[in-house]
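Report on the following structure.
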Amino acid sequence: MSQQFDVVVIGGGPAGYICAIRAAQLGMKTACIDAWQNAAGKPSLGGTCVNVGCIPSKALLESSEAWEKLHHEYQKHGISVEGANFDVAQMHKRKDDIVKNLTGGVLQLFKGNDIAFFHGTGKLNANNSIEFSGVDGSSETLEGKHIVVATGSKPVDIPVAPLDGNRIVDNEGALQFDEVPKTLGVIGGGVIGLELGSVWRRLGAEVTVIEAMDDFLFIADSQIQREAQRTFKKQGMDIKLGARVTGAKAGKKDVAVNFETKDGADHIRVEKLIVCVGRRPNTDGLVGTAELELDERGFVVVDGENRTNLPSVYAIGDVVRGPMLAHKGMEEGVKVAEIIAGKAGHVNYDTIPSVIYTWPEIAWVGKTEQQVKDEAIPYRVGAATFMANGRAKAMEAAQGTVKIIAHEETDEVLGVHIIGPNASELIQESVSVMEFQGSSEDIARTMHAHPTLSEVVHEASLAVDERPLHGLAKKRR
Ligand code: NAD
């Protein structure tokens with residue numbers, strides 16, 4: 001006998017668990033299958049994000065930032081601490097407690113919403129049937145009137161730098177070093193490389209980033225790229241651009257990493273090496289007898305409503321097109337649950353914020369200046385710095401820039417780019433303005449509390465019209 005549900009979600013990461021909760025809220029009999037388990041073999045819902053991604057990395061970023069502040073900032077406040085020390089094991093314990101608490105919270109939410117949770121893997125067979133294999137060795141058949149695939153992604157590995165789980169690791173391994181490596185190599189200067197590179201640099205590692213592209217952070221606006229590169233270099237990160245790794249070999253004491261740049265062959269020796277060159281969709285073991293269409297890169301093919309080629313089977317999150325971001329997956333989870341319930345679920349893919357949790361933080365939404373130029377869109381730019389902002393000065397964080405790009409004729413905000421303190425929180429105002437198709441004048445006419453960091457966003461909007469109040473206006477009118 002098979003168990004029947006209105007909705008079966010395969011995968012309990014941010015996309016999947018949110019989809020299950022919304023489906024249950026909408027009155028549908030819902031199940032969620034997830035195989036993640038903690039060291040004790042118990043379920044650990046929340047996927048990569050909660051278990052080995054966003055959350056644990058933010059925990060370590062916070063701990064390492066506290067240590068860095070102690071050294072570089074507290075004296076300016078007149079605070080001195082003698083004999084300060086840190087304990088990596090305690091940092092990991094704090095991180096692990098946060099993860100445990102949050103994963104347990106998702107399980108509670110499932111219970112509270114009457115979602116049937118199945119701890120194991122699901123294989124998609126023909127006719128909306130799922131073969132469930134429990135981590136305890138059990139198995140059964142589930143049937144869903146609607147099925148949502150939310151199986152996430154996993155790190156890309158490169159044959160020139162094979163992981164050994166000790167000296168050469170992926171992001172997961174880099175969250176678990178039991179002591180600070182003296183030297184750390186990072187292959188890939190993307191989001192993970194910069195965040196985890198920052199954690200260990202702050203704690204004392206000499207960090208070398210080896211990035212294949214010629215441009216640093218090539219996905220960001222070029223002004224932000226330049227400012228970020230300058231800042232990270234000043235912090236002591238050695239960033240090698242246009243560098244192609246040709247081999248990495250782990251020895252007893254270190255790893256020899258060979259790479260080529262336009263200047264020829266080069267090499268470094270590092271105690272640990274992190275490989276973070278992107279992620280790929282995870283469909284391992286997913287497809288049984290169902291003829292689910294995947295594209296050439298392994299993503300599940302979906303239409304604008306996240307429908308796959310199979311009737312009543314949807315896919316969301318990292319396993320489908322679009323940026324691999326937890327919040328994009330969560331929104332798709334809500335969207336699909338609502339579509340299944342006959343409502344008008346939607347996601348605005350033009351207003352997905354991106355955030356890099358380094359110091360300073362980097363965040364943006366919408367188009368870069370390069371993109372508006374390439375698309376021949378007439379535009380104006382306004383920028384303001386945190387240098388003149390009272391709150392930033394009081395926070396000892398008066399560094400960075402806000403840049404707003406607006407349509408030259410309609411003044412609609414097309415993109416906002418921030419490098420600076422709390423950029424991750426500041427970007428949200430711009431996401432809302434863009435969601436409402438607002439203009440830079442709308443931001444300029446909105447009162448911003450004083451003294452706050454958000455005043456820099458306000459100043460940048462005034463600068464679009466060349467009338468900043470804390471910078472010199474270009475012209476008098
Ligand atoms: P990424 O795509 O952000 O960066 C990978 C980098 O590696 C790129 O700059 C690329 O040019 C470089 N690269 C690729 N192959 C290379 C090679 N052989 N040698 C040297 N460099 C090479 O990927 P990531 O940092 O691994 O992160 C994976 C995913 O997880 C991303 O989609 C990211 O958005 C997401 N993520 C997001 C956050 C966040 O939102 N703050 C944090 C962590 C991860």
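The values are calculated or read from the model by the stated rules, or taken from the named source; none is laboratory data. None of these values were measured; they are calculated from a predicted model. Glycine also receives a Cβ, built like all others from the backbone with ideal geometry; neighbour counts cover every protein chain displayed. To get the accessible areas, we keep the full protein, side chains included, count just its heavy atoms, and leave off ligands, DNA and RNA. Shrake-Rupley method; radii C 1.70, N 1.55, O 1.52, S 1.80 Å.
Is there a residue in the range 396-403 that is under 16 Å from the mean Cα position of the chain (by Cα) and either open to solvent by less than 40 Å² (accessible area, probe 1.4 Å) or within 16 Å of the ligand (Cβ to nearest atom) (or both)? No, the range 396-403 contains no residue that is under 16 Å from the mean Cα position of the chain (by Cα) and either open to solvent by less than 40 Å² (accessible area, probe 1.4 Å) or within 16 Å of the ligand (Cβ to nearest atom) (or both). Taken over the range 211-229, the residue count meeting the criterion of being within 10 Å of the ligand (Cβ to nearest atom), within 16 Å of residue 240 (Cα to Cα) and of a type in the set (A, V, I, L, M) is 3. Is there a residue in the range 149-158 that is away from the ligand (no atom under 16 Å from the Cβ), open to solvent by 30 Å² or more (accessible area, probe 1.4 Å) and not aliphatic (A, V, I, L, M)? No, there is no match, as no residue in the range 149-158 is away from the ligand (no atom under 16 Å from the Cβ), open to solvent by 30 Å² or more (accessible area, probe 1.4 Å) and not aliphatic (A, V, I, L, M). Can you tell me which condition residue 165 does not meet? The list is (1) open to solvent by less than 30 Å² (accessible area, probe 1.4 Å); (2) more than 10 Å from the ligand (Cβ to nearest atom), and all the others hold. Against the list (1) open to solvent by less than 30 Å² (accessible area, probe 1.4 Å); (2) more than 10 Å from the ligand (Cβ to nearest atom), residue 165 comes up short only on (1).
Take the conditions (1) more than 30 Å from residue 248 (Cβ to Cβ); (2) surrounded by 15 or more Cβ atoms within 10 Å (Cβ to Cβ); (3) not hydroxyl-bearing (Ser, Thr, Tyr); residue 114 misses just one of them, which is (2). At least 3 residues being open to solvent by 20 Å² or more (accessible area, probe 1.4 Å) is the threshold, and among the strands (runs of 3 or more DSSP E) wholly inside the range 288-374 those reaching it are 361-366. Residues that are touching a Leu at 6+ places or on another chain (Cβ under 6 Å) and surrounded by fewer than 24 Cβ atoms within 10 Å (Cβ to Cβ) do occur in the range 57-77, at least one of them. Residue 427 fulfils the conditions (1) assigned to a helix (DSSP H, G or I); (2) over 20 Å from the mean Cα position of the chain (by Cα) except for a single criterion, (2).
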